[in-house]
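One structure is given here, and the rest of the page talks about it.
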Amino acid sequence: MNDVIELKHIIDAQPVKGRADEVYSIYNPATGKIIRRVQAASADDVRLAIEVAHERSEAWRAVTPSKRAQMLFNYRQLIIQHTDELAQLISQEHGKTIDDAKGEIARGLEVVEFCTAINNHLKSDFTAEVSSGIDSYNLRQPLGVCAGITPFNFPAMVPMWMYPVAIACGNTFVLKLSEKTPSCGLRLTELMYEAGLPAGVLNTLVGGKAAVDVLLQHPLVKAISFVGSTPVGESIYREASHHHKRVQALCGAKNHLVVMPDADLTQACDAILGAAYGSAGERCMAVSVVITVGDETAEQLIEQLAPKVQQLRVGAYHEKDVEMGPVVSQDSKNRIVDYIEQGVAQGATLKIDGRDTSVGKGFFLGGSLFDHVQPTMSIYLDEIFGPVLSIVRVKEYADALALINTHAYGNGAAIFTRDGDAARHFSMHVEAGMVGVNVPIPVPVAMHSFGGWKRSLFGSAAIHGMEGVRFYTRLKTVTTRWPSGIRQGAQFNFQGGKDA
Ligand code: NAD
């Protein structure tokens, strides 16, 4: 009991105790024990964070982009120096392996690196002589206070999709972390201050719906970035839009991977194994459905895949050679087990049953593999967010494409094939925001942007890359004329460029 650490929020670069009644217990999913607690941020705490961020806004936007970039160069160095410590914080609270935690830190770091070139990204267009003696240019200006609400499953990478871009663009930021895995995001905030960020530019809180509602409704908050589940994201999108904010809400998924008859099945099998069961399936880009084209493809694939699923090395993040850690909570484990029961009850064939894998008292599950899954079953339709893979058999490529395109989600989709025509057709016609060809988890790198389609994203902007820069800035177009270019007399008619 005594070694449970109490976490604090960070407002104006200072640690602050939350004032809400609710206290969150943070578990180590590998042991099932509480390791940290945090008293939630109250509505007043969030208001204070927003007001501080607003007060610092004018001064921060006046800092030149190259000075902002200099701070981010320092930040990059600090993250590299602290990678082991950050990875420990992630794995202790999430359960993923240390190498996987380091992988997400590296992906977040790429966004920081992208932001060190903010000068270049904010470079504008200039057109001389849009009309006689008249020039036009574009500016991208910061919005003011922006806010981010992040999920439990990427405690480093997802926050880093947001605040480095927003802050590099000259905004101030209020970050609301997941109550399940907040320690890494709090430490990353401290490192921003060590890197030279002025106080109050990034304020980081842990809280629930009451805290989020303040962010969505407060008139000083100009933009909301959300990453999390679809029901929450959809309601956040509605509420924040109603309050005239920009919103990008990146949500749940059901990512399909098509295996064509000509695919290299060994390559496909290894790819599927990592993509379906890595991080215990708790990734928004995890592959949760494999569509096999032709029965022979299905038989051969399952023959290779099933023993590997059975033999997955499940254990705590710090144990040697572990491939898959626990799921994040007992609630998650119960929900996943419930889905497996539904799959069995609805008639799918449970080839590998991961329900009985127990490793100490943690929230462990083994990998589960279903064959003969039908598109009407709940294990096919819903996001399970656990180590459960469904195989759906179809006869033709066109059936596979039609299935994906009629699914409610459209985050990622992949095809495994040697046929360039099929791959190209798939890339052009599949209804998903991120597509892989012989790449199972096609997460775009930092200079590209991340975002799904359909019920995987509400709002029009994907996150990070140039989409992120556009999301966190407003376009202004300036048209100039100097005295030497002024024409005689008033003009009462609207002038086209060539007439003026
Ligand atoms: P979640 O929706 O439960 O929580 C996300 C955030 O919203 C957390 O900060 C949480 O505190 C807050 N929240 C929860 N309920 C709320 C409510 N009623 N009102 C206001 N705020 C609320 O999601 P999670 O379980 O933390 O994360 C897993 C989900 O996130 C999965 O659905 C996964 O697919 C999705 N995800 C999507 C992406 C993507 O880029 N599309 C990336 C990572 C995770």
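Every read-out reported here was derived from the displayed coordinates using simple, explicitly stated rules and does not represent laboratory data. Every value quoted in this text rests on a predicted model; they were computed, and no experiment measured them. Here Cβ is always computed from backbone atoms with ideal geometry, including for glycine, and neighbour counts include all displayed protein chains.
Out of all DSSP beta bridges in the stretch 255-437, what portion is antiparallel? Express it as a percent rounded to 5. Please report the intermediate quantities before stating the final value.
Working: 3 of 25 bridges.
Taking every DSSP beta bridge within the stretch 255-437, about 10 percent pair in antiparallel fashion.
Per-residue ellipticity at 222 nm from helix content only, as computed over the chain with -39500 (n - 2.57) for each DSSP H run of at least four residues, stands at -11500 deg cm²/dmol.
Net charge within 11 Å of residue 206 by Cβ-Cβ distance, Lys/Arg positive one each and Asp/Glu negative one each, not counting residue 206 itself?
On the way: positive: 8, 36, 37, 176, 180; negative: 22, 45, 179.
So the environment of residue 206 carries a net charge of +2.
Here the chain carries DSSP beta bridges of which approximately 40% are antiparallel, counting only pairs with both residues inside. Between the stretch 398-471 and the stretch 209-244, the alpha-carbon centres lie 25 Å apart.
Charge tally around residue 412: other residues with Cβ under 13 Å, Lys/Arg +1 each, Asp/Glu -1 each, net +1. The modelled label-to-label distance between residue 129 and residue 77, using points 7 Å beyond Cα along the C-beta direction, is 4.8 nm. Rounded to the nearest 10 degrees, the inclination of helix 230-242 to the longest alpha-carbon principal axis of the chain is 20 degrees.
Please compute the contact order of the stretch 104-214 in relative form: average sequence separation of alpha-carbon pairs under 8 Å and at least six residues apart, divided by the residue count, as a percent.
Details: 155 pairs, mean separation 27.8, N = 111.
Computed value for the stretch 104-214: 25 percent relative contact order.
Loop-located trypsin sites (Lys or Arg not before Pro) in the stretch 79-154 (DSSP state not H, G, I, E or B) with no more than 13 neighbouring Cβ atoms inside 10 Å: 123. Measure nothing fancy, just the Cα-based angle from helix 65-81's long axis to the longest principal axis of the chain, in degrees from 0 to 90, nearest 10. Roughly 30 degrees, rounded to the nearest 10. Between residue 378 and residue 21, the FRET efficiency from the beta-carbon distance, with R0 = 45 Å, is close to 0.80.
Between the Cα long axis of helix 295-310 and the first principal axis of the chain there is an angle of about 90°, rounded to the nearest 10. Ordered by the count of other Cβ atoms within 10 Å of each Cβ, fewest first, 376, 97 give 376, 97.
Shape class for the chain, computed from the alpha carbon gyration tensor (a ≥ b ≥ c): oblate, with a/c not under 1.5 and a/b at or below b/c.
Taking the centroid of alpha carbons for each part, the stretch 3-68 and the stretch 175-197 are 8 Å apart. The value of relative contact order for the chain, using C-alpha pairs under 8 Å at least six residues apart, is 18 percent. Its Cα centre serving as origin, the chain has a Cβ charge dipole (Lys and Arg +1, Asp and Glu -1) of approximately 1700 debye. Taking a Cβ cut-off of under 9 Å around residue 6, the surrounding Lys, Arg, Asp and Glu residues balance to a net charge of +4, with basic ones at +1 and acidic ones at -1. The modelled label-to-label distance for the pair residue 220/residue 342, using points 7 Å beyond Cα in the direction of Cβ, is 4.3 nm. Specify whether the C-alpha gyration tensor of the stretch 172-298 places it in the rounded, prolate or oblate class, a ≥ b ≥ c being the square roots of the eigenvalues: rounded for a/c under 1.5, otherwise prolate if a/b is larger than b/c and oblate if not. Since a/c reaches 1.5 and a/b is larger than b/c, the shape of the stretch 172-298 is classed as prolate.
Computed from the C-beta positions of residue 303 and residue 492 and an R0 of 60 Å, the FRET efficiency is 0.15 to the nearest 0.05. Normalised by the number of residues in the stretch 255-437, the average gap of Cα pairs under 8 Å and 6 or more apart makes the relative contact order 28 percent.
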